[in-house]
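The values are calculated or read from the model by the stated rules, or taken from the named source; none is laboratory data. Owing to the predicted nature of the structure, the values given are computational and were not obtained by experimental measurement. Because the Cβ atoms are built from the backbone with ideal geometry, glycine has one as well, and the counts that use them run over all protein chains shown. The protein model used for the area step is the full one, side chains on, heavy atoms only, and it has no ligands, DNA or RNA in it. Shrake-Rupley method; radii C 1.70, N 1.55, O 1.52, S 1.80 Å.
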Amino acid sequence: WDSSTRGRILGSFLYGYIPTTMVGGIISNNYGAKLPFMIAVYGNIIFHLLCPTAAQVHTELFFACRFIQGMFVVKSVVG
């Protein structure tokens, strides 16, 4: 991959992380930290396992997997 594509793939995790930060805090305040944390961990595991196959199929699919992984990162803020 060229440097532009590599930069997009590396940044895609952050692109997914930014919009869900506040949502994760709200969910944690309402339901406690355990449920959002479990969902985030299992979601990241699933999409982490899909990343090598996605990278072989198409770079945009790999970008989407990394973006979704970033969305699964939950800020567990309680109280």
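For the reader, a short list of remarks on this structure follows.
- Taking the criterion of being surrounded by 11 or more Cβ atoms within 10 Å (Cβ to Cβ) and under 14 Å from residue 51 (Cβ atoms), the residues of the stretch 2-17 that qualify are 9, 12, 13, 16.
- Failed item in (1) open to solvent by less than 40 Å² (accessible area, probe 1.4 Å); (2) in contact (Cβ under 8 Å) with a residue 12 or more places away in the chain, with residue 54 passing the rest: (2)
- Residues located in the stretch 18-34, provided they are aliphatic (A, V, I, L, M) and either open to solvent by 40 Å² or more (accessible area, probe 1.4 Å) or within 11 Å of the chain's Cα centre (by Cα) (or both): 18, 22, 23, 26, 27
- Residue within the stretch 59-77 that is without any contact (Cβ under 8 Å) to a residue 40 or more places away in the chain and open to solvent by 90 Å² or more (accessible area, probe 1.4 Å) present: no
- With respect to the stated conditions, residue 37 fails to be in a helix (DSSP H, G or I) and either open to solvent by less than 70 Å² (accessible area, probe 1.4 Å) or touching a residue at least 60 places away in the same chain (Cβ under 8 Å) (or both).
- Among the candidates 37, 72, residue that is at negative phi and in contact with a helix residue (DSSP H, G or I) (Cβ under 6 Å, 6 or more places away or on another chain): 72
- Options 7, 11, 24; residue that is in a helix (DSSP H, G or I), at pLDDT 85 or above, over 16 Å from residue 65 (Cβ atoms) and of a type outside the set (D, E, K, R): 7
- Here residue 47 fulfils each of the conditions (1) under 17 Å from residue 73 (Cβ atoms); (2) of a type outside the set (Lys, Arg); (3) at pLDDT 85 or above; (4) open to solvent by 80 Å² or more (accessible area, probe 1.4 Å) apart from (4).
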